[in-house]
Amino acid sequence: MHLGRFSLLALATVFASDVAVAFEYGGYRSGMGRDAVEAQSKRDKWVLAPTSGSSFMQFRERGSPRPESGFVFSFCNDRLTAVSDNLSGGFPAFAATVTQYVTSLGPGTVKAQSQHTGQGLFSKVEVEWDQSGDRYSVSMTRLGETNETVAKSVWSSEVAAPCRAR
């Protein structure tokens with residue numbers, strides 16, 4: 001009888017730890033199949049289009065009152081490994097998002113770079129957090145005088161491992 005309780009407790013612990021490791025972002029979970037991501041996108045009135053390799057971007061369906069693009073998804077062996085999202089609002093959005101992540105995840109690692117390119121000065125500040133096999137990131141990028149992007153993403157090293165080993 002004690003062995004049965006121990007086995008159930010061990011099994012429950014394994015499943016609980018699996019749930020804790022997986023990210024959930026905007027209704028999408030790491031490890032979701034490409035078909036499930038496509039179905040969820042369709043329910044949310046998005047169309048998926050390939051961007052490069054194993055990445056897809058969401059676009060609003062034609063005739064939608066909201067023509068903007070949505071998340072960018074990356075897959076490994078048809079399993080969701082990363083979700084990225086551009087944020088509107090410039091520096092205030094960057095600062096607010098970093099503040100939210102610091103509050104929930106603690107201090108992050110800051111990376112910064114600045115270099116001249118053919119299109120002007122490229123500058124980027126990125127803050128990353130590693131949490132239980134998932135990497136969360138918020139970045140602000142500027143190219144030239146007006147092209148500014150604020151993005152956030154989450155990436156699962158566990159789900160992506162088979163593709164990184166290639």
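Readers should treat all values here as calculations from the given coordinates under stated rules, not as data from a laboratory. For clarity, every value in this text was computed on a predicted model and none was experimentally measured. No Cβ is skipped: glycine too gets one built from the backbone with ideal geometry, and neighbour counts run over all protein chains shown.
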- Ranked Val110, Val150, Val47, criterion: other C-beta atoms within 10 Å, fewest first: Val110, Val47, Val150
- Message: From the gyration tensor of the Cα coordinates in the stretch 35-166, what semi-axes in whole Å does the equivalent ellipsoid have, largest first, with each one equal to sqrt(5λ)?
- Response: 25, 21, 16
- Using alpha-carbon positions, the gyration tensor of the stretch 95-166 gives root eigenvalues a ≥ b ≥ c; with a/c under 1.5 called rounded, otherwise prolate if a/b exceeds b/c, else oblate, the class is oblate
